[in-house]
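A.B. asks: Dropping the structure in here first, questions after.
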Amino acid sequence: MHTFTLPSGPEVGIVEMTGVEEDLLTNQRLIKTGEAVNQVLANCIKRMGDNDAPGMKDILDMLSGDRLFALVRLRQVSLGDEVELELACPNMACGARNCQTVNLDDLDVTPYPEEREFEFTLPGSGKAVRFGYLDGHKEKRLAALKQPSLTAAMMIRIHDIDGQPPSKKHLNEMSMRDRSALREEMTRVDGGIDTAVDVSCDSCGARIRTRLEAEPAFLFPSAV
């Protein structure tokens, strides 16, 4: 068993993936609902802090940054530190394939602060917004939406706005200035592991942006 310290502080004990987990991660129905990752984490996390028998509720209770961190470390112990990516240039006139190697040990990890709730004053309206972190339960609710949106992703983290429960109407009527400032504040206080990939096309220089976990080669090296 391999031991790692989560961005929120506790240690987790992880065992490598087997064919059972590979089957889960190739089940498109389970991937779409998020259940594949939840079950893989539940199968492979054997200890969480003082809990020697974590169950699905414990997996869903994990903060999103901790969940992604655990998935990255699980990939390392199962398939190695290096991820070989083949990234398509987004420039339709180019379309070149770009090879990029990412060492998972080099990814930046940001610890979570002790606080679990934050208050932010919107710069435009002056309203006070209380918000918290994403966790597995909220991720599951977002995955269940037929049409996920930026509004839904923001609202699910908000506890209240000027003491009132958030609504889609509140978020839709919020100015872009306030929405942008709120998203920046949410990002600022977040912990976790930085899986962003931001490179330039070798052929035309166009910017290529993605996330490691979105690339097939992250969990299936043979995809490259």
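The values are calculated or read from the model by the stated rules, or taken from the named source; none is laboratory data. For clarity, every value in this text was computed on a predicted model and none was experimentally measured. Using ideal geometry, Cβ is built from the backbone for each residue, glycine included, and neighbour counts are taken over all protein chains shown. The protein model used for the area step is the full one, side chains on, heavy atoms only, and it has no ligands, DNA or RNA in it. Shrake-Rupley method; radii C 1.70, N 1.55, O 1.52, S 1.80 Å.
A.B. asks: So, of the residues in the range 160-176 that are surrounded by 12 or more Cβ atoms within 10 Å (Cβ to Cβ) and of a type in the set (Asp, Glu), which turns out to be farthest from Phe131 (Cα to Cα)?
C.D. replies: The extreme case among them is Asp162.
A.B. asks: Same structure again: Just one of Pro90, Pro123 is more than 17 Å from the chain's Cα centre (by Cα), closer than 30 Å to Ala181 by Cβ, of a type outside the set (A, V, I, L, M, F, W, C) and at pLDDT 95 or above; which is it?
C.D. replies: Pro123
A.B. asks: A further question follows. Considering only the range 156-192, how many residues are of a type outside the set (Gly, Ala, Ser), touching an Asp or Glu at 6+ places or on another chain (Cβ under 8 Å) and part of a strand (DSSP E or B)?
C.D. replies: Counting residues in the range 156-192 that are of a type outside the set (Gly, Ala, Ser), touching an Asp or Glu at 6+ places or on another chain (Cβ under 8 Å) and part of a strand (DSSP E or B) gives 1.
A.B. asks: Is it fair to say Arg179 is among the charged types (D, E, K, R) and open to solvent by 40 Å² or more (accessible area, probe 1.4 Å)?
C.D. replies: Working: among the charged types (D, E, K, R): yes; open to solvent by 40 Å² or more (accessible area, probe 1.4 Å): no.
Taking the combined requirement at face value, the residue does not satisfy it.
A.B. asks: Oh, and also: Suppose we filter Glu114, Glu35, Glu11, Glu84 for residues that are open to solvent by 20 Å² or more (accessible area, probe 1.4 Å), at negative phi and modelled with pLDDT of 95 or more; which single one remains?
C.D. replies: Unique residue meeting the criteria: Glu11.
A.B. asks: Given the conditions (1) among the aliphatic types (A, V, I, L, M); (2) under 14 Å from the mean Cα position of the chain (by Cα); (3) open to solvent by 80 Å² or more (accessible area, probe 1.4 Å), which single one is not true for Leu68?
C.D. replies: All conditions are met except number (3).
A.B. asks: Condition check: within 21 Å of Val197 (Cα to Cα), without any contact (Cβ under 8 Å) to a residue 24 or more places away in the chain and touching a strand residue (DSSP E or B) at 6+ places or on another chain (Cβ under 8 Å). Does Thr121 satisfy that?
C.D. replies: Values: within 21 Å of Val197 (Cα to Cα): no; without any contact (Cβ under 8 Å) to a residue 24 or more places away in the chain: yes; touching a strand residue (DSSP E or B) at 6+ places or on another chain (Cβ under 8 Å): yes.
Against the criterion (within 21 Å of Val197 (Cα to Cα), without any contact (Cβ under 8 Å) to a residue 24 or more places away in the chain and touching a strand residue (DSSP E or B) at 6+ places or on another chain (Cβ under 8 Å)), Thr121 does not qualify.
A.B. asks: Could you tell me how many of the residues in the range 4-25 are of a type in the set (Ser, Thr, Tyr) and touching a residue at least 24 places away in the same chain (Cβ under 8 Å)? First the steps, then the outcome.
C.D. replies: In the first step, residues of the range 4-25 are kept if they are of a type in the set (Ser, Thr, Tyr); the result is 5, 8, 18.
In the following step, the residues that additionally are touching a residue at least 24 places away in the same chain (Cβ under 8 Å) were identified as 8.
So the answer is 1.
A.B. asks: Now for a separate question. Identify all residues within the range 1-52 that are assigned to a loop (DSSP other than H, G, I, E, B), out of contact with any Phe, Trp or Tyr (no Cβ under 9 Å at 6 or more places or on another chain) and farther than 20 Å from Asp135 by Cβ; write none if there are none.
C.D. replies: The answer is Met1, Val15, Glu16, Met17, Thr18, Asn27, Asp52.
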